[in-house]
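All remarks here apply to the structure that follows.
The values are calculated or read from the model by the stated rules, or taken from the named source; none is laboratory data. Remember, it's a predicted structure, so these values are computed and weren't measured experimentally. Heads up, the Cβs are rebuilt from the backbone with ideal geometry, glycines too, and the neighbour counts pull from every protein chain shown. In case anyone asks, the SASA skips ligands and DNA or RNA and just uses the protein heavy atoms, side chains included. Shrake-Rupley method; radii C 1.70, N 1.55, O 1.52, S 1.80 Å.
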Number of protein chains: 4
Amino acid sequence: MKIAINTGGGDAPGLNAAIRAATLAALRRGWEVYGIENGYGSIYTDEPFVRLTEKEVRGITLLGGTILGTANKGNPFEMPYQKKDGSWDTKDVSDHLMQTFEDYGIDALVAIGGDGSMRIANKLVNKGLDIVGVPKTIDNDIWGCDVTLGFDTARSIATEAIDRITTTAESHQRLMVVEVMGRYAGWIALLSGLASTADVILLPEIPFTYDSIVEKIEERKSKDKHYTMIVVAEGAKPKGGELVTKGKTIGQEVQLGGIARQVAAELTERTGQESRSVVLGHLQRGGSPTTYDRLISLRFGAAAIRCVQERDFNKLVVLQDNKLTSIPINEVANKMKAVPLDSDTVQTARDVGICLGD
Amino acid sequence: MKIAINTGGGDAPGLNAAIRAATLAALRRGWEVYGIENGYGSIYTDEPFVRLTEKEVRGITLLGGTILGTANKGNPFEMPYQKKDGSWDTKDVSDHLMQTFEDYGIDALVAIGGDGSMRIANKLVNKGLDIVGVPKTIDNDIWGCDVTLGFDTARSIATEAIDRITTTAESHQRLMVVEVMGRYAGWIALLSGLASTADVILLPEIPFTYDSIVEKIEERKSKDKHYTMIVVAEGAKPKGGELVTKGKTIGQEVQLGGIARQVAAELTERTGQESRSVVLGHLQRGGSPTTYDRLISLRFGAAAIRCVQERDFNKLVVLQDNKLTSIPINEVANKMKAVPLDSDTVQTARDVGICLGD
Amino acid sequence: MKIAINTGGGDAPGLNAAIRAATLAALRRGWEVYGIENGYGSIYTDEPFVRLTEKEVRGITLLGGTILGTANKGNPFEMPYQKKDGSWDTKDVSDHLMQTFEDYGIDALVAIGGDGSMRIANKLVNKGLDIVGVPKTIDNDIWGCDVTLGFDTARSIATEAIDRITTTAESHQRLMVVEVMGRYAGWIALLSGLASTADVILLPEIPFTYDSIVEKIEERKSKDKHYTMIVVAEGAKPKGGELVTKGKTIGQEVQLGGIARQVAAELTERTGQESRSVVLGHLQRGGSPTTYDRLISLRFGAAAIRCVQERDFNKLVVLQDNKLTSIPINEVANKMKAVPLDSDTVQTARDVGICLGD
Amino acid sequence: MKIAINTGGGDAPGLNAAIRAATLAALRRGWEVYGIENGYGSIYTDEPFVRLTEKEVRGITLLGGTILGTANKGNPFEMPYQKKDGSWDTKDVSDHLMQTFEDYGIDALVAIGGDGSMRIANKLVNKGLDIVGVPKTIDNDIWGCDVTLGFDTARSIATEAIDRITTTAESHQRLMVVEVMGRYAGWIALLSGLASTADVILLPEIPFTYDSIVEKIEERKSKDKHYTMIVVAEGAKPKGGELVTKGKTIGQEVQLGGIARQVAAELTERTGQESRSVVLGHLQRGGSPTTYDRLISLRFGAAAIRCVQERDFNKLVVLQDNKLTSIPINEVANKMKAVPLDSDTVQTARDVGICLGD
């Protein structure tokens, strides 16, 4: 058996642990393992695959990033290329990919990625490739998964950052607005805000009113607490309002960062209190994974190889109801897992007095 | 409504977060909240209860230990007392406890503790007390729970410690044996060993042979890896053998620490290679909780209050199949959750080449 | 003896440790200790001083921020007040301060603060107040000090953040520009950039050229390193250029954040490579101090009391040539300690191949 | 120019950073760089030197341990070898070493190590080798140095560990005795104990009496603090007493761990209070260096190359009075830097109320 592994989309802590577990589990079965570099980028070069042995995956469990790289060449159906006139366009090079897999005798692909990667994987499945997916995203918003690899590290980094900023807010008696990732789902905001005992948490799932925030600030002042910590997901928006920043694409990623500044400015306007905003940005996605993320990544990586062995293809390895299982990629490919507003975690936030903006 | 909260057994990271969430959730409902100090110790003093308000629980989410204390006065059915001749005995003072609850008009107790605490809670339930339990133990061995509060921090501390010791093992070409907690269940050993990429993990659930470990050491040498990391649960034992240390009780706790030294000595004897042992001990149970433990503790604490509100008494708040629910205390009171040998985590350990001693 | 303690300027990790050491050292001598809250703010209230005993300073060594607060009321010579028409002005209320000290019989002030605080302290000295200063600033730019309290934590947080972002830069093959604090001196940028093995470090002390950075990027590409980490102090500027952001004051603090974005945009323009910028901002000044900062803060706090005891007034406690001593406040009050360009640290940066923009 | 680098003695965080800086600084000068592996061990093999290029030192700054290894073959004057009858002896193989250096045309050696390594280096200097030393030891006891590489990480790990254990001590109302490294000098004990606000610190430099400790415990009880944290250096001893554990050598290292247990047992005997002991052991020497240690290591490594360039041989690179300089190796080779009892740090410990056992 020959398998290939790639990593797609934004990097996330735990990718290397997943690569290592998949590689070792495959080698242990006597298989050959190959890595595709830079998303699917290396497929279109002279060296489409790099051999993975024990040596390549040694010591990488605790390293951030991905040894395979994950550049903007992740979509074989819309691969960017530069035209003669210097402008950029995209073309479908998926046939080339299929042919390369055949030429090299690769039997299956372990695709580690987020929702975008799974949509692509699903299209490759439809072309006949045997794929097992591994769910990766710091945003935790892949449908059908209890949790995705990278999420625990992201919420932990955000929690620690909010902890730090809280001491400044208190010492200086300020309103502090901290923007965390989460364009469509508020998982990082909700959980890091709850863990760091923020006073206000604003999620994409709950359009907010400034009145509710001001009320919270005033309530705190009445209790002699002259500072307020506000955590805002990048995709949060005021009730009836629009996403603050329209989103200017550079490459394939959207640049945000506007909502924190807007919330800070508006609250200073309404309360007269000094405010500051901090955008955590790329801090949340890099670096060494937490123990939890190392474990989930190792388990996912090894499970993917068991799926390959059982020819349980076109599936995504997931933890569902705390059990490791696999679900069809096409079931998750166009869905999103938002924070359920009736979850006990949302209830807990309300129970400890956090304002959710509604 | 008036409720009391206590914390029993060994301390664990997250206790304060649970106390805070329960207190705030109760206050939010207009209830009065009282803490019992030092297990059930303060019950027998002039000041059996201490009032808990927002002020007492402020800023404690990230603090280790428990603001309520958890000394050796945790069992009202066998409370130690000093006799006239200076020797110690125990007596049943549970009637006094029941009376004190009645005198002060306490309606229900939120008991945060491990298996020992739940056995006691069950007996108090039988005497008529309304109790909701919150599962706490760094050992993760309470039956019926996906996870207990304190466990993620313990395995994370152990993982980081093993990471550090690994660099020394490698630089010095040694066998390093690290003993972690887990007298009856190997959760910490298995998960910290897996996350830190140990080479050998020895669990209470799998009696080990020295032959299997020596074989692993030799296999590594043949691959030019002249060091081996061995993680051993305090309760691991050789096949056909006995627990190394008989266990000398000081107070209520058992003193161990012998298995690591024995394994190190035996392996040096058999391989001629230099070895060292490290016992993590109390390092694993103190200090600031991880983000994960803060969250699980806050959720458990708030859920306990919802149970009280719904008069869902004599239950333990748990996460089961990743869902927050409650189960009868008497169902868990005399059981133990060992590592299931067919779990995917055990399979993952084997898949990445870890020797489990069998 | 009665002494007062206050903390001025931006908060910094270690303030609480300094407060604790000064308080305990004074109590041990049988003195009374009082805190001034919010800079000098509480002086002008009904309760100008708060009594500090063992209880108030217990457990604060590892807490970020300052239990005394440090709001925008730090300058008695220019205290802001709101005029009848709603607009703001400042007035000199230093006589009130002197009178209050006399009324309460305060013998001396321990003033913990940065260069701004020392300028104010110097003016109070000239009015007759007996003051001992403790040097605090995350920027490390106080003249005459080997090191200031707060600096080691700031550079450590920045180093860890750059570490994390580096893994993303590498995985995505990007240019990453990380902006750290340092408007006039590049200490944080130089030391966190060196420790995190950045490729380019831009300091206020060395006006930079884009050509030098582009050259470095190209050199790296030629070695198959398709990403470049650039650390920039907020006060860095291109050779012959101006500070990018003019600095819009909100309250008393200057809002920056422009240089990182400008550098990122300019480099993408010049190289065609994708870039991202991250502004660490307030992350660098809050939270728990490093062990080093706890120690320096405790030593400074205790030393201040020894100065008071010896009536060595109007001095700043410093570490100079690694020896704890004291120097006249008026000598440091209007100076700034920039990074010396001939220091071995700058030489080390060049020796390991870092581009300093020149 | 051709230089060699080796690392000797116990590993310490920062070794890799020093190797990297020395390597890059030398390569930048157009020199060739070679590593000696396992102390001086590889000299006596077929491959005495391993070539070091940019590739070998990439990404190692934050890794613990040493890529060159540091096994028990550190002393060419007493190299262990196995005799025909199976027993072990040592012989002087230093001539072989000198010859190998000559055969390979190595011009100078950068020797990174502690006092033992410097004694050996001094003897090699006397045989005609050109050496520059870099001071490494977590114990911080090399004469003539403000600080050694590895020390800041060791005291930081110890501080964090004591922090954690303190919460358990308080929750359980125990006496906790934590043993840290320091056989002849109490640097780690003093500084980690001070930073973690221990109540009692016992150093080799100050023979202690149990009476003074018991007095401290009683004083605390009288203030309603029913726990006491005691930090003890492995080499501390009671006044008039002996080192508790005689020290059984395994390989070249002494096994200790007895003093913590003895102190705990004796205090329980004298006070009746429950106690526990924890021996941090190898935890203190492995793993990723702090930012401070990365910096000092990089500076030392680069400085060593500048010494080589200036032919400033037979010197140890040091930070003295906070200035980077070099001092003759033979001046430090047989000395030890104990904690000066009149230092401001000792005074600070007393000022915040810490009992030093006298």
Quick check, is A:A349 in contact with a strand residue (DSSP E or B) (Cβ under 6 Å, 6 or more places away or on another chain) and part of a helix (DSSP H, G or I)? no
Sort out which residues of region A:179-216 are aromatic (F, W, Y) and assigned to a loop (DSSP other than H, G, I, E, B), and write them in order of number. A:Y184
Matching residues in region C:266-279 - criterion: being in contact with a Ser or Thr (Cβ under 7 Å, 6 or more places away or on another chain) and within 10 Å of chain A (Cβ to nearest Cβ): C:T268, C:E274, C:S275
When restricted to C:M181, C:M176, the only residue at pLDDT 95 or above and within 15 Å of the chain's Cα centre (by Cα) is C:M181
Of those in region B:132-178 that are within 11 Å of chain D (Cβ to nearest Cβ) and in a strand (DSSP E or B), the residue farthest from D:G74 (Cα to Cα) is B:V178
Those residues that are in contact with a helix residue (DSSP H, G or I) (Cβ under 6 Å, 6 or more places away or on another chain), within 14 Å of chain C (Cβ to nearest Cβ) and without any contact (Cβ under 8 Å) to a residue 40 or more places away in the chain, I need them from region A:67-104; list them, please. A:A71, A:K73
In region A:280-303, which residues are more than 7 Å from every other protein chain (Cβ to nearest Cβ), among the aliphatic types (A, V, I, L, M) and farther than 22 Å from B:G353 by Cβ? A:L280
Yes/no for A:L27 being at the interface with another protein chain (Cβ under 9 Å from one of its Cβ atoms) and either open to solvent by 20 Å² or more (accessible area, probe 1.4 Å) or at negative phi (or both): yes
What residue, of A:V278, A:V308, is buried (at least 21 other Cβ atoms within 10 Å of the Cβ), over 27 Å from A:A233 (Cα atoms) and either not polar (S, T, N, Q) or not assigned by TED's automatic domain parsing to the domain that holds A:M229 (or both)? A:V308
Applying the selection to region C:311-340, what residues are surrounded by 15 or more Cβ atoms within 10 Å (Cβ to Cβ), of a type in the set (K, R) and out of contact with any strand residue (DSSP E or B) (no Cβ under 7 Å at 6 or more places or on another chain)? C:K337
Every residue in region C:179-196 that is open to solvent by 10 Å² or more (accessible area, probe 1.4 Å) and within 14 Å of chain A (Cβ to nearest Cβ), please. C:M181
Scan C:N6, C:N38 and give me the residue that is under 20 Å from the mean Cα position of the chain (by Cα), modelled with pLDDT under 95 and among the polar types (S, T, N, Q). C:N38
Do we find a residue being touching a helix residue (DSSP H, G or I) at 6+ places or on another chain (Cβ under 7 Å), within 24 Å of B:A154 (Cβ to Cβ) and more than 12 Å from every other protein chain (Cβ to nearest Cβ) anywhere in region D:203-226? no
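Each row is one residue, and each column tells you yes or no for (1) without any contact (Cβ under 8 Å) to a residue 60 or more places away in the chain; (2) open to solvent by 10 Å² or more (accessible area, probe 1.4 Å); (3) farther than 24 Å from A:K2 by Cβ.
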{"position": "A:Y44", "(1), (2), (3)": "yes, yes, no"}
{"position": "A:F49", "(1), (2), (3)": "yes, yes, no"}
{"position": "A:I106", "(1), (2), (3)": "no, yes, no"}
{"position": "A:D115", "(1), (2), (3)": "no, yes, yes"}
{"position": "A:V125", "(1), (2), (3)": "no, yes, no"}
Of all residues making up region B:62-90, the number that are buried (at least 16 other Cβ atoms within 10 Å of the Cβ) and in contact with a Pro (Cβ under 8 Å, 6 or more places away or on another chain): 4
Quick one: would you say D:L97 is part of a helix (DSSP H, G or I), open to solvent by less than 30 Å² (accessible area, probe 1.4 Å) and in the same structural domain as D:D293 (by TED's automatic domain parsing)? yes
Residue hits (region D:176-212; touching a residue at least 40 places away in the same chain (Cβ under 8 Å), out of contact with any Lys or Arg (no Cβ under 6 Å at 6 or more places or on another chain) and hydroxyl-bearing (S, T, Y)) are D:Y184, D:T197, D:Y210, D:S212
Can you pull out every residue in region B:30-59 that is in contact with a helix residue (DSSP H, G or I) (Cβ under 7 Å, 6 or more places away or on another chain) and either acidic (D, E) or at the interface with chain A (Cβ under 9 Å from one of its Cβ atoms) (or both)? B:E54
Would you pick out the residues in region C:76-95 that are closer than 21 Å to C:G9 by Cβ and not aliphatic (A, V, I, L, M)? C:P76, C:F77, C:E78, C:P80, C:Y81, C:W88, C:T90, C:K91, C:D92, C:S94
